[in-house]
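**Student:** What follows is a single structure, and I will ask about it in a moment.
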Amino acid sequence: MLNRRQFVYAAAAAAASFARVTDVLAAPASFDLIIKGGRVIDPSLRLDAIRDVAIAGGRIAAVEANVAGDAAATFDARGRIVVPGLLDIHTHAARVKDGPSLCLADGVTGFIDAGSQGADRINEPIAVARSAPQPCRVLINIGRAGILPEGDTMDIARADVGAARDAIAKNRDIIAGVKARLSRDVAGANDYEVLKRAQEVVAPFNLPVMIHMGQTVSPLPRLFDLLKPGDVVTHMFAPPPNSIIDENGRILPEVLAARRRGVWFDLGNGRTGHLRWDIVERVMREGFWPDTFSTDWTPEARTVQVFDFPNVMSKFLDFGMPLDQVIARATVNASRVFPVFQDRGTLNVGAPADVAVLELRQGSFEFVDNYGNKRTGGQRLFPGGTVLGGKRVPPRA
Ligand SMILES: [Zn+2]
């Protein structure tokens, strides 16, 4: 029960807030930015229609056919596609200082730097992540010396559980999990032990492990035994040995079981050993679509194969994936994988106003896999503008 004094106070507060509400209703709406007339595709809202997107106070304020009201700025998006800001769960954008701003201009409003460094030099990507304009997190490489030409964990002593745990404990706010690269040329015959140690590292922190699969010494079913719900398998289209399909083109039962228990399957485009068109074709034919798309972006990949996230997404339009499904894999699906993105990947009213504007061009476009094989596609998405936290980002140079 409220006593008299509390009652008076509560009644006054209610009256005051009622007055504020009526003031707002009486005044004409005024926004910071309206993105006008684009084709808004937001799989989280099951929306695909011409809409205005109005933004106020850094958040989505309205998504309507014709938003009435003033705006400090407008962004003419007619003829373009307007989607939630893209979330790239496997990049190396924190490897260089300007990485975050380069991919921001491509529409990437959130990313995970996946294993660029191990415990010895984890402070480097963490510093880049902390100063990045968009939300980003870092996966620590289980190999304490990071990515090595001779193989991150070829010397098993480098898979140092104590060092990785210390680094996570000191940087709980930025380190979102562990990356374990398991290919023959990275871990050799240590792959199983490396993954076991990666799980040991994350156990006390309740964090995921992302494995880089493909061309492993150990058979995939043995490795997948160690994956728990919430873990991520990247490079899911890696060709044999130890691909996710068998010689007859069937998805391995252990792969299907992993998905059923909540392991995520991610593209990880990259440049070497991860993506071959015939494997993509067979896996897609089996109906085993990626949960998420990601670029495995590096500064070098800006001019070959990867280029930018919209280009990576475009490759799947020609494998029979509808445009809204392609967009889901770079937005709402990715938002479910890492908690840092939990209120993103959507244009829902109230969500942070992170928006990617894309151009879908028709024509003849060449896409190259990691083995030099070319495919020609009839359409390609291009970056067409980014809004981060309600503010327009300067376009890509
Ligand atoms: Zn990578």
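The values are calculated or read from the model by the stated rules, or taken from the named source; none is laboratory data. None of the values given here were measured: they were computed from a predicted structure. Please note: Cβ atoms are built from the backbone with ideal geometry, for glycine as well, and neighbour counts cover all protein chains shown. Side chains included, ligands, DNA and RNA excluded: accessible areas come from the protein's heavy atoms. Shrake-Rupley method; radii C 1.70, N 1.55, O 1.52, S 1.80 Å.
**Student:** Scanning segment 333-366 for residues that are of a type in the set (Lys, Arg) and closer than 24 Å to ASP266 by Cβ, which turns out most open to solvent (accessible area, probe 1.4 Å)?
**Tutor:** Only one residue fits best here, namely ARG336.
**Student:** Same structure again: Please go through segment 314-367 and pick out each residue that is part of a helix (DSSP H, G or I) and within 25 Å of ARG392 (Cβ to Cβ). Give the steps one after another, and end with the answer.
**Tutor:** Taking segment 314-367 first, the residues part of a helix (DSSP H, G or I) are 314, 317-319, 323-328, 332-335, 339-341.
Selection gives SER314, LEU323, ASP324, VAL326, ILE327, ALA328, VAL332, ALA334, SER335, VAL340, PHE341.
**Student:** Restricting segment 59-97 to residues that are outside any strand (DSSP E or B) and exposed (fewer than 15 other Cβ atoms within 10 Å of the Cβ), which is nearest to the ligand (Cβ to nearest atom)? Write out each step before concluding.
**Tutor:** Taking segment 59-97 and keeping what is outside any strand (DSSP E or B), we get 65-69, 77-80, 85, 92-97.
With the extra rule that they be exposed (fewer than 15 other Cβ atoms within 10 Å of the Cβ), the set shrinks to 65-66, 68, 78-79, 97.
Working: ALA65: 42, ASN66: 44, ALA68: 46, ARG78: 37, GLY79: 35, LYS97: 19 Å.
Of everything passing the filter in segment 59-97, LYS97 is nearest to the ligand (Cβ to nearest atom).
Yes/no per residue for (1) touching a Ser or Thr at 6+ places or on another chain (Cβ under 7 Å); (2) in contact (Cβ under 8 Å) with a residue 60 or more places away in the chain:
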residue: ASP106; (1), (2): no, yes
residue: ALA119; (1), (2): no, no
residue: ALA127; (1), (2): no, no
residue: GLN134; (1), (2): yes, yes
residue: ARG137; (1), (2): no, yes
residue: LEU148; (1), (2): no, no
residue: ILE156; (1), (2): no, no
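**Student:** Condition (residue is in contact with a Ser or Thr (Cβ under 6 Å, 6 or more places away or on another chain) and in contact (Cβ under 8 Å) with a residue 12 or more places away in the chain) applied to segment 45-67: is it met by at least one residue?
**Tutor:** No.
**Student:** Further, regarding this structure: Taking only pairs six or more apart or across chains, which ones have beta-carbon atoms under 6 Å, a first residue in segment 294-314 that is more than 19 Å from ASP98 (Cα to Cα), and a second residue that is within 14 Å of the ligand (Cβ to nearest atom) and among the polar types (S, T, N, Q)?
**Tutor:** Correct list of pairs: VAL312/ASN269; VAL312/THR295.
**Student:** Still on this structure, I have one more. Among all residue pairs at least 6 apart or on different chains, which show Cβ distances below 6 Å where the first residue, located in segment 248-270, is touching a residue at least 24 places away in the same chain (Cβ under 8 Å) and the second is open to solvent by 60 Å² or more (accessible area, probe 1.4 Å) and in a helix (DSSP H, G or I)?
**Tutor:** Pairs found: GLY249/ARG282.
**Student:** How many residues, within segment 131-150, are out of contact with any Gly (no Cβ under 6 Å at 6 or more places or on another chain), surrounded by fewer than 24 Cβ atoms within 10 Å (Cβ to Cβ) and in a loop (DSSP other than H, G, I, E, B)?
**Tutor:** Summing the residues that are out of contact with any Gly (no Cβ under 6 Å at 6 or more places or on another chain), surrounded by fewer than 24 Cβ atoms within 10 Å (Cβ to Cβ) and in a loop (DSSP other than H, G, I, E, B) in segment 131-150 gives 6.
**Student:** Another question, then. What is the residue count in segment 260-305 for residues that are within 16 Å of the ligand (Cβ to nearest atom), of a type outside the set (S, T, N, Q) and open to solvent by 10 Å² or more (accessible area, probe 1.4 Å)? Before the answer, list the steps.
**Tutor:** Our first condition is that a residue be within 16 Å of the ligand (Cβ to nearest atom); within segment 260-305, this holds for 264-275, 290, 292-302, 304-305.
Next, from what is left, pick out any that are of a type outside the set (S, T, N, Q): 264-268, 270-271, 273-275, 290, 293, 296-297, 299-302, 304.
Subsequent filtering for residues that are open to solvent by 10 Å² or more (accessible area, probe 1.4 Å) retains 264, 271, 273-274, 296, 299-300, 302, 304.
Count: 9.
**Student:** Now for a different question. Scan segment 101-112 for residues that are within 16 Å of the ligand (Cβ to nearest atom) and over 10 Å from the mean Cα position of the chain (by Cα) and jot them down.
**Tutor:** We begin by selecting, within segment 101-112, every residue within 16 Å of the ligand (Cβ to nearest atom); these are 103, 108, 111-112.
Passing the criteria: only CYS103.
**Student:** I've got another one for you. Sort out which residues of segment 204-253 are under 21 Å from MET154 (Cα atoms) and among the basic types (Lys, Arg), and write them in order of number.
**Tutor:** ARG222
**Student:** Have a look at ARG197, ARG172 and point out the one that is assigned to a helix (DSSP H, G or I) and open to solvent by 40 Å² or more (accessible area, probe 1.4 Å).
**Tutor:** On inspection, the qualifying residue turns out to be ARG197.
**Student:** Let me ask something additional. Provide a single number: the residues in segment 209-231 that are closer than 17 Å to ILE168 by Cβ and surrounded by 20 or more Cβ atoms within 10 Å (Cβ to Cβ).
**Tutor:** Qualifying residue count for the region: 3.
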